[in-house]
1. Can you send over the carbon and sulfur percentage of the accessible area for the chain, probe radius 1.4 Å, protein chains only?
2. For LYS195, which aspartates and glutamates qualify as cross-link partners when the Cα separation must be under 16 Å and same-chain residues fewer than eight apart are set aside?
3. Cut-off 10 angstrom, C-alpha nodes, Gaussian network model of the chain. Which of LYS268, LYS114, LYS195 fluctuates the most?
4. Using +1 on the beta carbon of Lys and Arg, -1 on that of Asp and Glu, and nothing else charged, what's the dipole of the chain about the Cα centre, debye to 20?
5. How high is the relative contact order of the chain, in percent, with contacts defined as C-alpha pairs under 8 Å that are six or more residues apart?
6. Taking H placed 1.01 Å from N in the peptide plane, check which residues at least 5 places from THR37 or on another chain put their amide H under 5 Å from its amide H.
7. Calculate, for segment 60-300, the solvent-accessible area per residue in square angstrom, rolling a 1.4 angstrom probe over the heavy atoms of the protein chains.
8. Show me the ranking of peptides 81-91, 59-69 by mean Cβ neighbours inside 10 Å, starting with the highest.
Amino acid sequence: MKHGKYRFIAGFLVLPLAIYAIFVISPFVQAIYYSFTDWTGLSPDMKVVGFDNYARLFQDDVFWSAVGNSVTLLLLLPVVTLSLGLFFAFMLNVGGRRRKKAVIGGVRGSGTYKILYFFPQVLSVPIVALLFQFAYNPESGALNAFFKAIGLDNVQPDWLGDPQIALWCVMAAMVWANVGFYVVLFSAGMSSIPKDFYEAALLDGANRFNTFFRITLPLLWDTVQTGWIYMGILALDVSAFAFVQIMSVGPGGPDYSTEVLPLYVYQKTFRDGQAGYATAIGVSLLIVTLVFSAVVMRLGRRERLEF
């Protein structure tokens, strides 16, 4: 029976593992190989150049600008997005005033707020990026028009044209596009936490601040950790590329202030015809992603709480 069971399990695993190896593992192996060549991406002719592409990375100022911007997104985007998601979800579920029928409840109209917060998820990334690009327009954008309307005619920033604030403007758009998903995700997690926990804590004199850090956050920690990794990967993958490609000047400007690693890979491959060097950048991006995931998993490890 045991031998038959193993053959049965193996029969189901062979096809999925083969598909995974062909379409996931194989491209990774090919990319690593191409990173040691001078392939242009257009010609089948190439030669192995060893570690020349990787040595070139250390002398590439644009690459290090892209690394710095990507790391900034990697560190700040998850913190801001998840913090806002947790705050809004807490207010919508257990942050409201006490009522006669229930000790614990969300703010009034919480159902409507959840729909409004989730609305950006219905829009595609290009649409969100274009909307923010229009809002940031220094001549006819909504932000500068608002400043004019309240009498601040002298406050007319060139939002996407100023190297000091361009990356922050792109990050704001990414936060707006993603925070609604985590509001709904964390709301679903909070709804599964027994209300008795909150009621007991409030009867013991705990305030909303204490109940959040003593009850809500520990019981949602696994969800928060998963969301942290997902947002970190989002800051390093095609989502960051799309926002910067559409919104920024250049794209990647001004003065490489919004250049990120996915965009730099794209530019080196399709604009400059340096696919071998681009795959070396892609391999470095893979290493950064793996290190980030390992660090989050290690630092976020704690005893699992069940209820």
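1. Taking all protein chains in place, the chain shows 67 percent carbon and sulfur surface.
2. ASP204, GLU306
3. The residue that fluctuates most here is LYS195.
4. 1820 debye
5. Answer for the chain is 28 percent.
6. Here the answer is VAL49, since their amide H atoms fall under 5 Å of that of THR37.
7. 50 Å²
8. Peptide ranking by packing, descending: 81-91, 59-69.
The values are calculated or read from the model by the stated rules, or taken from the named source; none is laboratory data. Just so we're clear, the structure is a prediction, and the values are computed from it rather than from any experiment. Glycine also receives a Cβ, built like all others from the backbone with ideal geometry; neighbour counts cover every protein chain displayed. Only protein heavy atoms, including side chains, enter the accessible area calculation; ligands, DNA and RNA are left aside. Shrake-Rupley method; radii C 1.70, N 1.55, O 1.52, S 1.80 Å.
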